[in-house]
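The values are calculated or read from the model by the stated rules, or taken from the named source; none is laboratory data. Please read all numbers here as calculations on a predicted model, not as lab measurements. Cβ: placed from backbone, ideal geometry, glycine included. Neighbour counts: every protein chain shown. Accessible surface is based on the protein model in full, side chains and every heavy atom, while ligands, DNA and RNA are left aside. Shrake-Rupley method; radii C 1.70, N 1.55, O 1.52, S 1.80 Å.
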Amino acid sequence: MMNVIWLSLLVIGIAVGIATDNMDGITRGILKGAEDGVAVCLGLISILVFWLGLMKIAEQAGLVQLLAKALKPIARFLYPSVPINHPAMGSILANMSANILGLGNAATPLGLKAMQELQTLNPHPDRASDAMCTLLAINTASLTIIPATVIGWRMQYGSDNPTEIVGATILATFLGTTVAVLLDRTFRAIDRKRRRE
Amino acid sequence: MMEWINTLSEWALPIVVASILVIGHFRKVPVYETFVEGAKEGFPTAIKIIPHLVAMMVAVSVFRESGALDMLLRLLRPVFEVLSIPVEIIPMALLRPISGSGSSAVMFDIFQTYGPDSLLGRIASVLQGSSDTTLYVLTVYFGSVGIRNARYAVKVGLLSDLAAAIFSVLVVYWVFDL
């Protein structure tokens, strides 16, 4: 799927560029894309270093395990394939809490840590496991309680009530995340059935 | 509402950081050494993502700069109209999963033209807040551990984005009682 998307974006992009005599656009797209990709990764270094450091303290202090215990019912339901005491569970829940608290910066490092720990449970290292797909589904559905960035932008554009969209955003996020989890379950079942046949 | 939300978002970060440090210290964790130990993993993780992200961003950027994206937007317009998503929101809904800066640019344009407190401004705000750049999250998360076969994750992500767009419209209509 990744292969198909990547190939189609590039081939269709180049084809359209050639057809509309927009060679400049193709060149600019390649250079700009590569530059952006590296820039984003370099930007990630600072928050990754900071949050992975802090996370280690939280782990050693037993705080992550405490979080896992407190959120056990949710964790069990969402990630039935991950043992509750496994470090992956702690990171998954830390990632989820960071999202909910609106600590956008912390969510990515904690999510990446969760991926690394889930990888230790994965029997096929180059294929995504069930739990990884669920983690992705929840993170792409963006589980936020306070959309801080959007509020900031609304303020900048002179909104009379920048936070009026919070309630609606929470509701939309909740519905969106529910659908994401349901879709994840459905496709997992289809995938399993196909694999068995 | 405004006040406690502002307070909460301002206090969340300092409280989380301070609690982890203080509790760590009282539980006899050598905080400085432990921090450095954990932080070491940050650099290699970021570096490992570079090839994945460059690959994806080049593809997205070529697709956009060549004019292919505009063509796709025109092609998909009727589909979104059937789903009762306002025409002005369509480019944003389509850009949301592939480009974070692209979709916020459309949102700024909507804010500028119609105002953030208009119906369209509210829908754009809710859409931006209730979804994420799926393709980016996918690339970064799977790239960091070298997953090549994403199985059904792409489908789930993109379909949820479509659901998020529809929900954003419906919820704004419902909450603001229109």
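Listing for the model above:
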{"item": "Most to least accessible of A:Leu171, B:Leu138 (protein chains only, probe 1.4 Å)", "result": "A:Leu171, B:Leu138"}
{"item": "Å² per residue, accessible surface of the range A:62-195 at 1.4 Å", "result": "41"}
{"item": "Within the accessible area of the range A:1-46 (1.4 Å probe), percent carbon and sulfur", "result": "71"}
{"item": "Helix B:153-175 axis, angle to chain B major axis (alpha carbon atoms, nearest 10°)", "result": "70"}
{"item": "Rounded accessible area per residue of the range A:1-46, 1.4 Å, Å²", "result": "59"}
{"item": "Centre separation in Å (Cα based) which lies between the range A:117-163 and the range A:1-66", "result": "15"}
{"item": "The range B:1-85: radius of gyration over Cα atoms, expressed as a fraction of 2.2 N^0.38 Å", "result": "1.95"}
{"item": "Extended-chain gain in nm, criterion 0.36 nm per residue less alpha-carbon gap, A:Leu42 and A:Ala15", "result": "6.6 nm"}
{"item": "Per residue value of the accessible surface for the range B:19-177 (all protein chains in place, 1.4 Å probe), Å²", "result": "42"}
{"item": "Cleavage-rule hits, chymotrypsin sites (Phe, Trp or Tyr not before Pro), the range B:109-142, DSSP coil, Cβ neighbours within 10 Å at most 14", "result": "none"}
{"item": "Relative contact order [Cα under 8 Å, 6+ residues apart], the range A:138-197, whole percent", "result": "43"}
{"item": "Karplus-derived HN-Hα couplings along the range A:74-87 (A = 6.51, B = -1.76, C = 1.60, θ = phi - 60°), whole Hz, x at Gly and Pro", "result": "5, 4, 4, 5, 6, 10, x, 8, 9, x, 4, 8, 5, x"}
{"item": "Convex hull of the protein assembly as shown built on C-alpha atoms - directionally averaged projected area, nm²", "result": "19.3"}
{"item": "Greater than 27 Å apart at Cα, pairs in A:Lys72/A:Lys113; A:Lys32/B:Lys40; A:Lys193/B:Lys48; A:Lys56/B:Lys48; A:Lys32/A:Lys113; A:Lys69/A:Lys113", "result": "A:Lys32/B:Lys40; A:Lys193/B:Lys48; A:Lys32/A:Lys113"}
{"item": "Expected 222 nm ellipticity per residue - DSSP helices of 4 or more, -39500 (n - 2.57), all of the protein assembly as shown, to 500", "result": "-26000 deg cm²/dmol"}
{"item": "For chain B: rounded, prolate or oblate by the Cα gyration tensor [a/c cutoff 1.5]", "result": "oblate"}
{"item": "Solvent-accessible area, 1.4 Å probe, carbon plus sulfur percent, for the range B:19-177", "result": "66"}
{"item": "Chain A: Cα Rg divided by the 2.2 N^0.38 Å rule of thumb", "result": "1.23"}
{"item": "Whole-Hz couplings from phi, Karplus 6.51/-1.76/1.60, listed for the range B:18-35; x for Gly and Pro", "result": "5, 4, 4, 5, 5, 5, x, 4, 5, 8, 6, 8, x, 4, 5, 4, 5, 4"}
{"item": "Gain in span if fully extended, A:His124 to A:Ser8, counting 0.36 nm per residue against the direct Cα distance", "result": "39.1 nm"}
{"item": "Summed buried accessible area for B+A [probe radius 1.4 Å, Å², rounded to 100]", "result": "8600"}
